[in-house]
1. Give me the pairs: first residue in the stretch 259-273 and free of Cβ contacts under 8 Å to residues at least 12 places away in the same chain and surrounded by 15 or more Cβ atoms within 10 Å (Cβ to Cβ), second residue of a type in the set (A, V, I, L, M, F, W, C) and part of a helix (DSSP H, G or I), beta-carbon distance under 8 Å, and six or more apart or on different chains, which are they?
2. Here are Lys53, Lys61: which of them is closer than 17 Å to Tyr27 by Cα, modelled with pLDDT under 95 and among the basic types (Lys, Arg)?
3. Could you list, in sequence order, the residues of the stretch 64-77 that are surrounded by fewer than 19 Cβ atoms within 10 Å (Cβ to Cβ) and among the small types (Gly, Ala, Ser)?
4. State all residues of the stretch 189-216 that are assigned to a loop (DSSP other than H, G, I, E, B), within 23 Å of Ser114 (Cβ to Cβ) and among the hydrophobic types (A, V, I, L, M, F, W, C); if no residue qualifies, say none.
5. For the stretch 1-57, what are the residues that are within 26 Å of Gln74 (Cβ to Cβ) and of a type in the set (Val, Ile, Thr)?
6. Could you look through the stretch 147-182, keep only residues that are touching a Ser or Thr at 6+ places or on another chain (Cβ under 9 Å) and loosely packed, with under 15 Cβ neighbours inside 10 Å, and pick out the one that is nearest to Ser231 (Cα to Cα)?
7. Looking only at strands (runs of 3 or more DSSP E) that lie completely in the stretch 72-185, which have at least 1 residues being within 16 Å of Leu237 (Cβ to Cβ) and charged (D, E, K, R)?
8. Quick one: in the stretch 247-281, which of the residues that are in contact with a helix residue (DSSP H, G or I) (Cβ under 9 Å, 6 or more places away or on another chain) and part of a helix (DSSP H, G or I) is modelled with the lowest pLDDT?
Amino acid sequence: MTKDPIISVIISTYNSVPWLEKTLWSYEHQIFRPFEIIIADDGSNQETADFIKSYQEQSSKPIIHIWHEDEGFQKSAILNKALMACNTDYVVMSDGDCIAREDFLQIHYERRQSGYFLSGGYYKLPMDISERIAEDDIATQRCFDLEWLKEQGLPPSYKNQKLTSGFVQAKVMENLTPTNASWNGHNSSGWLADLKAVNGFDERMQYGGQDRELGERLFNYGIKSKQIRYSAICLHLDHSRGYKNQDSIDKNKAIRKSTRNEKKDFTPYGIVKNDETTTEL
């Protein structure tokens, strides 16, 4: 058991035990060892609670289960609760459908820097390969091997270079990529003090860009970002998105526009709320 974690890993989940299990397996094989796991559970059923309790008993890592009642897509709210449960000063955020390569946390740890957050990406797998990956494929790391994935039916794509980049090439590609180094909820990290300073996630926001809006407030607060999308690798397991709807996307776009135009670095709808904002939520 890790007695003195240096990193808190927040993993979000909702009623997806098979994917969460594969995700947790990947953290058993991290090169970087002193970390804790906070599972941010957006109202999953008893099956998930039972699984996590069983996993806690067998894992070598401290695992904290943070849960609230199911009131629809309230990921922002449960992530704020998870932030308040962290026992370290540095936070890595990912999702319960993202398998982390063995050096994932090592990269986040080595690249962390005061005044910055780190922006990673993911490699999306098709459903058939997502279902096929077993515990041994994660333990041996062959699920990150491009040739093995091709044998499983992975189609060719320019995105495959994410899996084949060596250390030097990854750094070069991160310097050259036109992709913005934004806060991406599936693979980003930052200092807990900075995340609290901007008051965490805006809980008015449901699906669609709530992580990016957090990053925009961090920028307005004076925090810069560094790109690690080719260095810190995770595999995204395929799934449906029944919670996706245009109304929430449009609402979130309006909130993000206000954050950018007014250069807001704090949301009153985050971790700390007053009576008025609590009523509005």
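The values are calculated or read from the model by the stated rules, or taken from the named source; none is laboratory data. These numbers come from a predicted model, not from an experiment. Counting neighbours? That spans all protein chains shown, and the Cβs are built from the backbone with ideal geometry, glycine included.
1. none
2. Values: Lys53 fails: modelled with pLDDT under 95.
Exactly one of Lys53, Lys61 is closer than 17 Å to Tyr27 by Cα, modelled with pLDDT under 95 and among the basic types (Lys, Arg), namely Lys61.
3. The answer is Gly72, and nothing else.
4. Of all residues in the stretch 189-216, those assigned to a loop (DSSP other than H, G, I, E, B) come to 198-209.
Now restrict to residues that are within 23 Å of Ser114 (Cβ to Cβ): 198-201.
Selection gives Val198, Phe201.
5. If the condition is that a residue be within 26 Å of Gln74 (Cβ to Cβ) and of a type in the set (Val, Ile, Thr), then Ile7, Val9, Ile10, Ile11, Thr13, Val17, Thr23, Ile37, Ile38, Ile39, Thr48, Ile52 are the ones that fit.
6. First, the residues of the stretch 147-182 that are touching a Ser or Thr at 6+ places or on another chain (Cβ under 9 Å): 165, 167, 170-174, 179-182.
Filter again for loosely packed, with under 15 Cβ neighbours inside 10 Å, leaving 167, 172, 179-180.
Details: Phe167: 7, Val172: 10, Thr179: 14, Asn180: 15 Å.
Among residues in the stretch 147-182 that are touching a Ser or Thr at 6+ places or on another chain (Cβ under 9 Å) and loosely packed, with under 15 Cβ neighbours inside 10 Å, the one nearest to Ser231 (Cα to Cα) is Phe167.
7. Numbers: elements: 90-95, 98-100, 116-119.
Fully inside the stretch 72-185 and qualifying: 90-95.
8. Checked the stretch 247-281; the qualifying residue modelled with the lowest pLDDT is Asn252.
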